[in-house]
Amino acid sequence: MAKKLQLAALAVASATVLAACATTSAPQGGGASASGNTITVGTTDKITSLDPAGMYDNGSFQALVQVYPFLVDVKPGATEPTPVPNIVTSAEFTSPNEYTVKLKDGLTFANGHKLTSSDVKFSFDRDVKIADENGPSSLLANLESVSAPDDSTVVFKLKQPNDQTFPQILGSPAGLIVDEEVFPADKILPDADIVKAKPFAGQYEIASYNPGELMSLTPFAGYKGEIGKVENGSVTVKYYADANNLRLDTENGAVDVAWRQLTATDVQSMAKNDKLKVVNGPGGEIRYMVFNFDTMPFGAKADGADPKKAQAVRAAVAHLVDRAAIAKDVYKDTYTPLYSYVPDGLATATPTLKDAYGDGSGKPDAEKAKKVLADAGVQVPVALNLQYNPDHYGKNSGDEYAAVKSQLEASGLFTVNLQSTEWVQYSKDRTNDVYPVYQLGWFPDISDPDNYLAPFFGKDNFVANHYENPTVQDLVAKEVATPDKAAREKMLVDIQKQVTADLPTLPLLQGSQIAVTGKDVSGVVLDGSFKLRYASIKK
């Protein structure tokens, strides 16, 4: 019997901490209409690609959600991050393995091309086919095929039935819809070609784009989605190399909304400025270290390769890091220590790292680190090449990783060679095995514990650090297709226990969303969708 699953009922059990939202005024629903002033948004984020198949980072996604539509999406300000129809009239499971959507009539792109079911099928097929190393195709691991039986109907056939996350996947980086008359089916389209072809059907179209400097957005009059009217005349996005300049321009009124990444000290200072206001929203962001299982000390392709010694090195690092000190000294407690793989507040979050490493209360324990290395026969000090990124993850990253270096070296067990690289090169180097141990951060695609596990430890994951555990991969594949809540939660906890023992990554901190705006700016909504929509912002 066909199983009909209403989107409104798809609130995932994990949304507890994400239910709240911060806003400077409630946005209005309805179609697109433009009026008002130009809003200037400032950010230190970078754009990897304007092609949805070639990006999986927060900076790119933030830009692309303004211009490409989702089939389903979360309405800004919703109390729960539950997807609802956007450019479709219905979206539902029509069998355990099939999810069917019906497009609205009369959808078009800004270039005048019709948006039909064929474009939707094309968008998902090319994501999977291209499988770009910096793209979101790993989110579509459960997608077997897409069919378009008529111009308005799309049927997604799933490999495993009852996928508990699929409706939210349609509102993730893997769910952006592109124009099949513009994009090639088998390769990434250059940014300049995308801007020129205007294949946009979101709330805005890109009028101009100077990489690393400026993007100009104008409202798309033909937008027929359901996530709100455009309340401003246009948006200019300024990309900064230095957070200090972003702060200065915000204080001087040249930027209306400063959005990622002001330093914690800057936010503290700006909160005291009577011309500015700070908007806080619920956070699913996590910051963590990655161990490359091939190139880390004693890794599979490193000198003296020895899996037991490599495991001991990872465990020693886990015993030595002091998360609370980093949160307090570097981030002024705007971040909190993270002792679990699923962040605190989500269902199944389990502080397994607090129990397994350090003194059992979250503090470091140098004696345990010394013992685990000695038991494995590791000569100390261990030379560790540690890499971080200073622009994509904020200026405080330098202080954060200086603290990690100091904590490791204070034990006498490590000598750390700390280096940094700019994001565009960094994102390429890390998947080419250039960095043995390195920094990453994560901004969730969907509000479900699976989103903190499957993209990291499932088969063909985006981390690409050569960690392979068949037991973990099997659990990841099963939990997502398990409708029974208790059984699924047990699997999610078991995954966390296993990766705590293996330590392919080491969670450090959990953050919140913060924007700083002028006093005359309203409509900044920071919610559990983790998408800052420009359309509701006005002054």
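The values are calculated or read from the model by the stated rules, or taken from the named source; none is laboratory data. The structure presented is a predicted model; accordingly, all values stated were derived computationally and were not measured. Because the Cβ atoms are built from the backbone with ideal geometry, glycine has one as well, and the counts that use them run over all protein chains shown. Remember, those area values only see protein heavy atoms, side chains included, never the ligands or the DNA or RNA. Shrake-Rupley method; radii C 1.70, N 1.55, O 1.52, S 1.80 Å.
Quick one: putting +1 on the C-beta of Lys and Arg, -1 on the C-beta of Asp and Glu, what dipole do you get for the chain around its Cα centre, in Debye to the nearest 20?
800
Hey, which of these cross-link pairs are over 31 Å Cα-Cα: Lys308/Lys459; Lys114/Lys459; Lys46/Lys121; Lys46/Lys196; Lys187/Lys405; Lys309/Lys405?
In this structure, Lys114/Lys459; Lys187/Lys405 lie more than 31 Å apart at Cα.
Tell me, what % of the accessible area of the chain is carbon and sulfur with a 1.4 angstrom probe?
Accessible surface attributable to carbon and sulfur in the chain totals 50 percent.
Extension gain Val434-Lys196, at 0.36 nm per residue separation less the Cα-Cα distance, in nm?
Extending this stretch completely gives an extra 82.2 nm.
Might you report the magnitude of the Cβ-based charge dipole of region 391-474 about its Cα centre, with Lys and Arg at +1 and Asp and Glu at -1, to the nearest 20 debye?
That gives region 391-474 a dipole magnitude of about 240 debye.
Contour minus end-to-end for Ser420 and Asp105, with contour as 0.36 nm per residue of separation and end-to-end as the Cα-Cα distance?
108.4 nm is the gain from fully extending Ser420 to Asp105.
Show me 113-119, 371-377 ranked by packing, highest mean number of other Cβ atoms within 10 Å first.
Result, highest mean first: 113-119, 371-377.
When ligands, DNA and RNA are left out and all protein chains stay put, how many square angstrom of accessible area per residue does region 52-157 have with a 1.4 Å probe?
I get 33 Å² per residue for region 52-157.
Using a 1.4 Å probe, how large is the accessible area of Glu133, given in Å² and rounded to the nearest 10?
90
Could you tell me which of Gly441, Tyr401, Asn385 has its Cα farthest along the dipole of region 369-465 towards the positive end, charges placed at Cβ (Lys, Arg +1; Asp, Glu -1), taken about the Cα centre?
Asn385
Given the options Gly523, Thr100, Ala241, identify the residue whose Cα lies farthest towards the positive end of the charge dipole of the chain (+1 on Cβ of Lys, Arg; -1 on Cβ of Asp, Glu).
Gly523
Please sort 97-109, 354-366 by packing, taking for each peptide the average over its residues of neighbouring beta carbons within 10 angstrom, highest first.
97-109, 354-366
Quick check on region 427-539: take the gyration tensor over C-alpha atoms, sort the square-rooted eigenvalues as a ≥ b ≥ c, and tell me if it's rounded (a/c under 1.5), prolate or oblate.
It comes out oblate by the Cα gyration axes.
Tell me the label only: which of (i) 54, 28, 22; (ii) 37, 28, 21; (iii) 49, 36, 23 is semi-axes √(5λ) of the Cα gyration tensor in Å as calculated from this structure?
Recomputing semi-axes √(5λ) of the Cα gyration tensor in Å here picks out (ii).
For region 312-380, what is the charge dipole size about the Cα centre, in debye to the nearest 20, if Lys and Arg each add +1 at the Cβ and Asp and Glu each add -1 at the Cβ?
100
Label region 328-466 by shape, choosing from rounded, prolate and oblate, from the square roots a ≥ b ≥ c of the eigenvalues of the Cα gyration tensor; if a/c is under 1.5 it is rounded, and otherwise prolate applies when a/b is larger than b/c, oblate when it is not.
Rounded.
Which residues in region 344-365 have a backbone N closer than 19 Å to a point placed 7 Å from the Cα of Ser406 along the Cα-to-Cβ line?
Under cut-off, by backbone N: 363-365.
Rank by packing, highest mean first: peptides 321-327, 168-174, with packing defined as the count of other Cβ atoms within 10 Å averaged across residues.
Descending packing order for the listed peptides: 168-174, 321-327.
For an R0 of 45 angstrom, estimate the FRET efficiency from the Cβ-Cβ distance between Lys308 and Ala221 and round to the nearest 0.05.
FRET efficiency, Lys308 to Ala221: 0.10.
Residue separation times 0.36 nm, minus the C-alpha to C-alpha distance between His466 and Glu367: what's the value?
32.7 nm
How far is helix 58-67 tilted, in degrees, relative to the longest principal axis of the Cα atoms in the chain, given as a value from 0 to 90 rounded to the nearest 10?
10
At a Cα cut-off below 18 Å, give the lysines reachable from Lys490, other chains included and same-chain residues fewer than 8 away excluded.
Once the sequence-local lysines are set aside, what remains near Lys490 is Lys478.
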